[in-house]
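Student: Below you'll find the structure I mean.
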Amino acid sequence: MIALRSIVAEQGMPSIPTVYPIPKIQENLSEDGEPLRDDLQPRFDDFAAEFEWYMEAFARQREEQGTLY
């Protein structure tokens, strides 16, 4: 996962600081993708809120200054 950050950065795609790993995903999500642990949904909500904040900030920056390439 961490190695992927450098690859996407080389492609000009920013990443956000937070990661959302789910170890042993088959034990933590149902076959329908529903969380089987109580802590997964709040962690995802935090991750999604940060992701949304960064995407809005990136979009606003592009509108104000344009793209670099």
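Student: Can you pull out every residue in the range 19-67 that is touching a residue at least 12 places away in the same chain (Cβ under 8 Å) and either assigned to a helix (DSSP H, G or I) or hydrophobic (A, V, I, L, M, F, W, C) (or both)?
Tutor: Listed by number, the residues that qualify are VAL19, ILE22, ASN28, LEU40, ARG43, PHE44, ASP46, PHE47, GLU50, PHE51, TYR54, PHE58.
Student: Quick one: how many residues across the range 6-31 are of a type in the set (A, V, I, L, M) and in contact with an Asp or Glu (Cβ under 7 Å, 6 or more places away or on another chain)?
Tutor: The qualifying residues number 1.
Student: State which residue is nearest to PHE58 (Cα to Cα) when the search covers only the range 1-18 and only residues that are in a loop (DSSP other than H, G, I, E, B) and not small (Gly, Ala, Ser).
Tutor: Per the stated criteria, the residue is PRO14.
Student: Further, regarding this structure: From the set of residues in the range 23-69 that are small (Gly, Ala, Ser) and closer than 26 Å to GLY12 by Cβ, which is surrounded by the fewest Cβ atoms within 10 Å (Cβ to Cβ)?
Tutor: GLY66
Student: Considering only residues that are in contact with a helix residue (DSSP H, G or I) (Cβ under 6 Å, 6 or more places away or on another chain) and of a type in the set (A, V, I, L, M, F, W, C), look in the range 14-60 and name the one that is farthest from LEU4 (Cα to Cα).
Tutor: LEU36
Values quoted throughout were computed directly from the atomic coordinates according to the rules given, and no laboratory measurement underlies them. Predicted model only: the values in this text are computed from it and were never measured. Ideal geometry is used to build each Cβ from the backbone, glycine not excepted, and the neighbour counts take in all protein chains shown.
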